[in-house]
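One structure is given here, and the rest of the page talks about it.
The values are calculated or read from the model by the stated rules, or taken from the named source; none is laboratory data. The shown structure was predicted, so the numbers you read here are calculated from the model rather than taken from an experiment. A quick note on method: Cβ atoms are made from the backbone with ideal geometry, for glycine too, and the neighbour counts reach across all protein chains shown. Just the protein is used for accessible areas: all its heavy atoms, side chains included, with ligands, DNA and RNA removed. Shrake-Rupley method; radii C 1.70, N 1.55, O 1.52, S 1.80 Å.
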Amino acid sequence: VQLQASGGGLVQPGGSLRLACAASGFIISSSTMNWHRQAPGKQRELVASITSGDYANYGDSVKGRFTISRDSGKNTVYLQMNSLKPEDTAVYFCNTKFGYTGYWGQGTQVTVSS
């Protein structure tokens, strides 16, 4: 199982970014996929998740601004982030779990600053 996150960068407040998480070794449409983030000095928090049944769930701080989706043909999960705020600055990780074992991508840095 491998997860490769990409798409991070520097963006101004109010801007948008789309993160991608390319998966290999398993089929994402059969799994719950998650995006987490970790800001300096803070605990890692769940940002968004999507189940195999396409049910999406979001953290309170990103509801209405972020959208999680997946492309089964590309075996990739996306996180569309709109109306970005400085407090969204963090390293973003994609994650999945099989049984008791969690798998994490390497993370991609998102910096929201003017």
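Looking for whichever is surrounded by fewer than 16 Cβ atoms within 10 Å (Cβ to Cβ) and either closer than 14 Å to N95 by Cβ or touching a strand residue (DSSP E or B) at 6+ places or on another chain (Cβ under 6 Å) (or both) here; the options are A48, A56, A5, A22. Which one fits?
On the way: A48 fails: surrounded by fewer than 16 Cβ atoms within 10 Å (Cβ to Cβ); A5 fails: surrounded by fewer than 16 Cβ atoms within 10 Å (Cβ to Cβ); A22 fails: surrounded by fewer than 16 Cβ atoms within 10 Å (Cβ to Cβ).
Matching residue, one of A48, A56, A5, A22: A56.
Being over 15 Å from L3 (Cβ atoms), without any contact (Cβ under 8 Å) to a residue 24 or more places away in the chain, over 11 Å from the mean Cα position of the chain (by Cα) and surrounded by fewer than 15 Cβ atoms within 10 Å (Cβ to Cβ) is the requirement here; does G99 meet it? Show your work before the answer.
Details: over 15 Å from L3 (Cβ atoms): yes; without any contact (Cβ under 8 Å) to a residue 24 or more places away in the chain: yes; over 11 Å from the mean Cα position of the chain (by Cα): yes; surrounded by fewer than 15 Cβ atoms within 10 Å (Cβ to Cβ): yes.
So G99 fits the description; yes.
Restricting to segment 59-74, what's the tally of residues that are in a loop (DSSP other than H, G, I, E, B) and either surrounded by 15 or more Cβ atoms within 10 Å (Cβ to Cβ) or among the hydroxyl-bearing types (S, T, Y) (or both)? So that I can check it myself, show each step before the final result.
First, pick out the residues of segment 59-74 that are in a loop (DSSP other than H, G, I, E, B): 59-65, 72-74.
Then keep just the ones that are either surrounded by 15 or more Cβ atoms within 10 Å (Cβ to Cβ) or among the hydroxyl-bearing types (S, T, Y) (or both); that gives 59, 61-62, 65, 72.
Summing the residues that are in a loop (DSSP other than H, G, I, E, B) and either surrounded by 15 or more Cβ atoms within 10 Å (Cβ to Cβ) or among the hydroxyl-bearing types (S, T, Y) (or both) in segment 59-74 gives 5.
Does Q106 satisfy being under 25 Å from S31 (Cα atoms), open to solvent by less than 70 Å² (accessible area, probe 1.4 Å) and either touching a residue at least 60 places away in the same chain (Cβ under 8 Å) or part of a loop (DSSP other than H, G, I, E, B) (or both)?
Values: under 25 Å from S31 (Cα atoms): yes; open to solvent by less than 70 Å² (accessible area, probe 1.4 Å): no; either touching a residue at least 60 places away in the same chain (Cβ under 8 Å) or part of a loop (DSSP other than H, G, I, E, B) (or both): yes.
Taking the combined requirement at face value, the residue does not satisfy it.
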